[in-house]
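In what follows, a single structure is set out as structure tokens and then discussed.
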């Protein structure tokens with residue numbers, strides 16, 4: 001239980017303040033810079049999350065600080081340097097574009113004020129800082145939108161944990177709604193299908209389309225995590241609209257670490273085997289990622305391309321993440337509005353003059369009862 005003195009108060013609150021609806025757009029995060037020190041700070045936060053690594057805390061602390069954070073940051077920093085741009089982290093920059101696009105789309109569709117804030121689960125901009133900006137904007141209703149199409153305890157639930165931890169410190173907690181997943185949302189699938197068709201038109205249809213999803217330990221699936229099933233549903237819905245036969249596509253899982261068994265088949269193993277099976281022309285898409293990042297731009301577009309070509313492959317095309325594509329952002333705006341149904345800013349009869357008049361009357365009544373503002 002939080003100490004009473006730790007609650008975030010609003011001593012300057014005015015009863016005539018206009019409320020708004022807030023949307024917290026969340027993604028995984030990125031180091032502040034492609035340096036060893038920055039990556040070490042980022043990995044220390046990321047890998048200490050019990051949602052990510054389910055292991056005895058004392059044992060894991062020794063492994064993390066005694067081994068991993070002494071070795072991995074330098075190697076990861078080099079990888080980040082290969083994808084870093086003049087604007088900084090690709091994931092952060094693309095996420096900013098997504099937030100701006102969502103803000104603009106919602107403003108055109110909602111009658112009342114809406115404020116979209118961007119937050120990263122690890123690193124910056126942080127979830128506490130973004131929520132504080134929404135608090136300062138007097139957002140009394142907040143929608144949490146993790147940019148993970150498929151739910152996993154390692155990703156979506158971890159964002160919810162961070163949001164709840166922050167709200168424990170607020171004196172006035174806003175109304176809260178959470179988007180758990182959108183893997184089978186029709187407009188999301190349509191945007192994914194369109195992005196794949198565009199690449200087929202540009203580069204020709206490959207012998208096989210590979211859906212490479214980020215992996216998680218297999219025991220998480222066995223303990224009830226629905227991620228594996230939702231990944232397969234994304235692929236199934238997508239190929240149905242593309243009209244692909246069973247031998248023209250397959251699902252695999254990337255980015256595993258450690259010796260524990262993860263979801264299979266592993267993407268790197270698949271890419272090494274395909275040329276031996278006569279499949280030398282492929283395209284690969286990563287629907288678990290809403291924005292291009294290290295795992296897509298370096299691991300898939302470069303490292304695994306080299307692995308496939310070395311194994312005898314001839315043609316390899318990475319299909320970019322949906323990023324801030326207009327059709328994808330339209331899908332996210334529609335998704336957000338469905339989850340905000342019933343909130344006043346969405347109602348067609350919301351009127352700024354009426355709201356201001358009600359605020360004035362509310363302030364008058366409050367002052368009559370002894371309020372300062």
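Nothing in this text is a laboratory measurement; each read-out follows from the coordinates by a stated rule. Remember, it's a predicted structure, so these values are computed and weren't measured experimentally. Please note: Cβ atoms are built from the backbone with ideal geometry, for glycine as well, and neighbour counts cover all protein chains shown.
Averaging 1/r over every pair of different alpha carbons in segment 1-128 and inverting the result gives a Kirkwood radius of 17.6 Å. Taking each DSSP H run with n ≥ 4 as -39500 (n - 2.57) and averaging over every residue of the chain yields -13500 deg cm²/dmol at 222 nm. Of the Cα atoms belonging to segment 186-319, the radius of gyration and Dmax stand at 14.3, 42 Å. What does DSSP give for the chain in terms of the percent of beta bridges that are antiparallel, rounded to the nearest 5? Given both bridge residues lie in the chain, the antiparallel proportion sits at roughly 5 percent.
Largest mean-square fluctuation among 179, 68, 284, in a Gaussian network model of the chain whose springs join Cα atoms under 10 Å apart, belongs to 68. Shown for segment 251-360 is the translational diffusion coefficient from the Stokes-Einstein equation, using the Kirkwood radius over Cα pairs, a temperature of 20 °C and a viscosity of 1.002 mPa s: 122 µm²/s.
Shape call for segment 19-76 from the C-alpha gyration tensor, a ≥ b ≥ c root eigenvalues: rounded (a/c under 1.5), prolate (a/b greater than b/c) or oblate? Walk me through the numbers on the way to the answer.
Values: a/c = 3.80, a/b = 1.53, b/c = 2.48.
Judged from the Cα gyration tensor, segment 19-76 comes out oblate (a/c at least 1.5, b/c at or above a/b).
Could you order the peptides 259-265, 325-331, 241-247 from most to least packed, using the average number of other C-beta atoms within 10 Å per residue? Can you show the working numbers first?
Values: 259-265: 13.4, 325-331: 17.6, 241-247: 11.0.
Those peptides, ordered most packed to least, come out 325-331, 259-265, 241-247.
When the chain is treated as a GNM with alpha-carbon contacts under 10 Å, the residue of 132, 198, 345 showing the greatest mean-square fluctuation is 198. Treating r as the C-beta distance of residue 194 and residue 334 and R0 as 22 Å, the FRET efficiency rounds to 0.90.
Can you compute the FRET efficiency between residue 371 and residue 168 using 1/(1 + (r/R0)^6), with r the Cβ-Cβ distance and R0 = 22 Å? Round to the nearest 0.05.
Working: r = 27 Å, r/R0 = 1.21.
Here the calculated transfer efficiency is 0.25.
Among 231, 20, 286, the largest mean-square fluctuation in a Gaussian network model of the chain, built with springs joining Cα atoms closer than 10 Å, belongs to 20. Over the C-alpha atoms of the chain, the Rg to Rh ratio, Rh being the Kirkwood estimate, stands at 1.02.
Segment 9-32 and segment 267-313 have Cα centres spaced 40 Å apart.
The Kirkwood hydrodynamic radius of segment 153-231, based on inverse pair distances between different Cα atoms, is 16.1 Å.
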